[in-house]
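I have placed the structure first, in the form of structure tokens, so that the comments after it can refer back to it.
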Amino acid sequence: MTFISVNPYTGETAWRAEAWDAAELEAALAETAGATPAWAARPVTERCQLLRRAAAVLRERADEWAGLITLEMGKLAREARAEVEKCAVGCEFYAERGAGFIADELVDSDAGRSLVAYQPLGTVFAIMPWNFPLWQVFRFAAPSLAAGNTAVLKHASNVPQCALAIESVFRDAGFPKGVFRTLMIGASQSEQVIADRRVDAVTLTGSERAGRQVAAAAGQHLKKTVLELGGSDAFVVLEDADLESAVANAVTSRFQNAGQSCIAAKRFIVVDTLADDFVARFKAAVEALKPGDPAAEGTTLAPLAREDLREALHRQVRASLAQGAVAVCGCEPLEGAGFFYAASIVDRVMPGMPAYEEELFGPVAAVIRVRGEEEAVAVANASRYGLGSSVWTGDGARGERIARRIQAGACFVNGAVKSDPRLPFGGIKASGYGRELSHHGLREFVNAKTIWIR
């Protein structure tokens, strides 16, 4: 296999390298296995100090890392810089709180003394996607390393330079050799790594199909997994919503990263009484987005990361229109160089259409009209996905009540869904299981050991 990095803006090959052979993979796994006992035994305060240094390295070379993100997957330059900064913030969060998250917990029992000790599992194998090529990795790596685990990464094949850059961040921050390794391997070698006795747990962010395959492989070897899979987040707009705020956030949530985000708003569930007004305002804002060079500050719509992704998205849009959905704007690939798709809205989406049933991973918003609150909740829950969601209403108490009813790993009231190191992140149903971030994410890959002393 050859790793090929293609610039989504120009379509030109930017970098290529051959995948590792069996000997190179074995050497990397052996190196990490050799580093694991000493890293687990190292005081948590020292591990956290190195995470703080990783945050500094990220900021010192932020323009370089952001440039790689833009080059390899087409993210807008300002969004790429924000992603690098978020990685630094995540490292600092666990540098400050990691020791407290795994401190012993004393428990009253029939023992003279009893406690819960949180101890690392060993080596975590991460399979990560291209859409947030740094943040997705640091989101798992910072808590895992703070807890005393080592980590090996199989990144997406279209962001190989980002994958190697992440390893260099940890290396330059002073992490011991082997504590974090990027494996330059193809997807076909992942099962071999999962099965390896030196690997103790697996985390994946990716598609529903990939999640099923990884969970099955890990289950055969009784290894802990955390899966963050696809999403088709509901964006529920009720009759008492602040439309100006709702529309502004709808544009940001759907079209940032060219719509290539699992937690992007994808299904806009709007009550009939204000649907026409919402769609008109939404259309005006969406049509103002400017496609172009993602490295240029004036660009507001980035290309998709790969040509095949654009083709798949357009097939979903065409099929939905053929079944009766209404094209409000866009709904076509843009001509010229680069993998651009027009910022699009499809209205009057109904059950059975791809825009209703499937995840649209690109700059296309699906509007579903409902009669009121009860139907809005029912439609929000009708999806097989359950990652994030949001509710827009002028009544905060009403919003919280609805948020508790929506089946998702997160629900934001009058705010766009985002990941935050202080809060657990993850989904239910076909969006996966387990949690990342906060103390919940750190404790996914530790042994909560009971110690009982007479």
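Values in this text are rule-based calculations from the coordinates and carry no lab data. Keep in mind that this is a model prediction, so the values were computed, not measured. Virtual Cβ from ideal backbone geometry, glycine too; neighbours counted across all protein chains shown.
Any of Lys290/Lys418; Lys154/Lys283; Lys154/Lys266 with alpha carbons more than 32 Å apart? Name them for me. Long pairs (Cα-Cα over 32 Å): Lys154/Lys283. Its convex hull of Cα atoms gives region 275-318 a direction-averaged projected area, equal to a quarter of the hull surface, of 4.3 nm².
Across q = 0.07, 0.09 Å⁻¹, the chain modelled as identical point scatterers on its alpha-carbon atoms has Debye log10 I(q)/I(0) values of -0.36, -0.60, in the order of the q list.
Geometric descriptor of region 190-291, per residue, is 129 Å³ (volume of the convex hull of the Cα atoms). Rounded to the nearest 20, the size of the Cβ-charge dipole of region 233-420 about its Cα centre is 340 debye, with Lys and Arg at +1 and Asp and Glu at -1.
When the chain is described by a simple charge dipole with +1 on each Lys and Arg Cβ and -1 on each Asp and Glu Cβ, the residue from Ala250, Val271, Val84 located farthest towards its positive end is Val84. Helix 135-146 and the long axis of the chain differ in direction by around 30°, with both axes built from C-alpha atoms. Taking every DSSP helix (H) stretch of at least 4 residues in the chain, weighting each as -39,500 (n - 2.57) and dividing the sum by the residue count yields a mean residue ellipticity at 222 nm of -13500 deg cm²/dmol. Note on region 1-82: with charges restricted to the Cβ of Lys and Arg (+1) and Asp and Glu (-1), its dipole about the Cα centre is near 600 debye. Using C-alpha pairs below 8 Å separated by at least 6 residues, the relative contact order for region 233-420 is 28 percent.
All alpha carbon pair distances within region 130-236 were sorted into 5 Å bins beginning at 0; the resulting P(r) in whole percents reads 2, 11, 21, 25, 22, 11, 5, 2, 1, 0. What is the helix-to-structure angle for 160-172, meaning the angle in degrees between its Cα long axis and the longest Cα principal axis of the chain, kept from 0 to 90 and rounded to the nearest 10? Between helix and principal axis, roughly 40 degrees. Here region 233-420 carries DSSP beta bridges of which approximately 15% are antiparallel, counting only pairs with both residues inside. Excluding same-chain neighbours fewer than eight residues apart, the aspartates and glutamates reachable from Lys223 by a Cα-Cα span under 14 Å are Glu191, Asp196, Asp200, Glu444. Computed from Cα positions, the angle between helix 77-101 and the longest principal axis of the chain comes to roughly 40 degrees.
Given a cut-off of 19 Å, what percent of all Cα-Cα pairs of region 33-91 lie beyond it? Considering region 33-91, 44 percent of its Cα-Cα pairs are separated by more than 19 Å. Over the chain, Cα pairs under 8 Å with separation of 6+ residues give a relative contact order of 19 percent. P(r) tail for region 233-420: Cα pairs beyond 23 Å make up 36% of the total. Packing here is the average count of other Cβ atoms within 10 Å per residue, and on that basis the peptides 203-209, 7-13, highest first, run 203-209, 7-13. Sparsely packed loop sites in region 297-404 (the GluC sites (Glu not before Pro) outside DSSP H, G, I, E and B with at most 14 other Cβ atoms within 10 Å) comprise Glu297, Glu335.
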